[in-house]
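Below is one structure, written out as structure tokens; the observations come after it.
Values in this text are rule-based calculations from the coordinates and carry no lab data. Remember, predicted model here, so these are calculated numbers, not experimental data. Counting neighbours? That spans all protein chains shown, and the Cβs are built from the backbone with ideal geometry, glycine included.
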């Protein structure tokens, strides 16, 4: 996983729970990197799992809730890191349709070793969209947090449900996103 994800996670932890919390997580997690991350480097995915688990133990917040919250926190940083023309979509549906075919392609050009999830729109109406999510990391909840924050950017209120999920034995997730406004 790219170091930028780790540095943004550290920012979220320090902003939300304080610097002492971050220091405690580093002591509890016993990470190969020592918790020293640079944005462009790549780190073992297991480190983020260790950090989120330690944060869950520290705060008493369930891991799934923390992962989804982190997705929401991550969205503005990821959007800001992209060229403005890459994030100039007129609505949420357009943005979501561009994730795999445009945004992840550009990420691959910037970071050839980046492993991005497969996120493809499979069905779309004016009020509902279905996305196929597949990743060896199984971070569908992170994707949900990102999508919720993207919806806020467009002033949309949405509901997201799983039609099927990798955490329940499927080889992919189907996210059903319904606009409520």
Computed over the chain: longest principal axis from alpha-carbon atoms vs helix 3-17 long axis, angle to nearest 10 degrees, is 80
Relative to the compact-globule estimate 2.2 N^0.38 Å (N residues), the Cα gyration radius of segment 3-61 stands at a ratio of 1.01
Segment 44-145, Kirkwood Rh and Cα Rg, ratio Rg/Rh at 0.99
Largest fluctuation, 11, 106, 123 only, Gaussian network model of the chain with Cα springs under 10 angstrom, belongs to 123
For the chain, longest principal axis from Cα atoms; helix 45-59 axis from its Cα atoms; angle between them, nearest 10 degrees, is 80
One can check that the equivalent ellipsoid of segment 48-97, built from the alpha-carbon gyration tensor with semi-axes equal to the square roots of five times its eigenvalues, has lengths in Å, largest first, of 30, 12, 7
Per the rule of 0.36 nm per residue minus the C-alpha distance, extending residue 91 to residue 106 adds in nm 3.4 nm
Measuring from the longest principal axis of the C-alpha atoms of the chain, the long axis of helix 63-81 (C-alpha) lies at a number of degrees, nearest 10, equal to 70
Mean projected area, convex hull of alpha-carbon positions in segment 104-159, reported to one decimal in nm², is 4.7
Residue separation between residue 7 and residue 57 times 0.36 nm, minus their alpha-carbon distance, gives in nm 16.0 nm
Treating every alpha carbon of segment 136-181 as one equal point scatterer without solvent, the Debye formula yields log10 I(q)/I(0) values at q = 0.16, 0.28, 0.29 Å⁻¹ of -0.45, -1.00, -1.04
Projected convex hull area of the chain, Cα atoms, direction-averaged, in nm², equals 10.4
Quick calc: nm separation of the 7 Å Cα→Cβ label points for residue 46 and residue 168 -> 3.0
PRE zone check, label point 7 Å out along Cα-to-Cβ of residue 17, amide N under 12 Å, scope segment 26-51, hits 26-29, 50-51
Sorted on mean Cβ neighbours within 10 Å (highest first), peptides 136-142, 152-158, 72-78 come out as 136-142, 72-78, 152-158
Of 130, 118, 109, the most mobile residue in a GNM of the chain (C-alpha springs, cutoff 10 Å) is 109
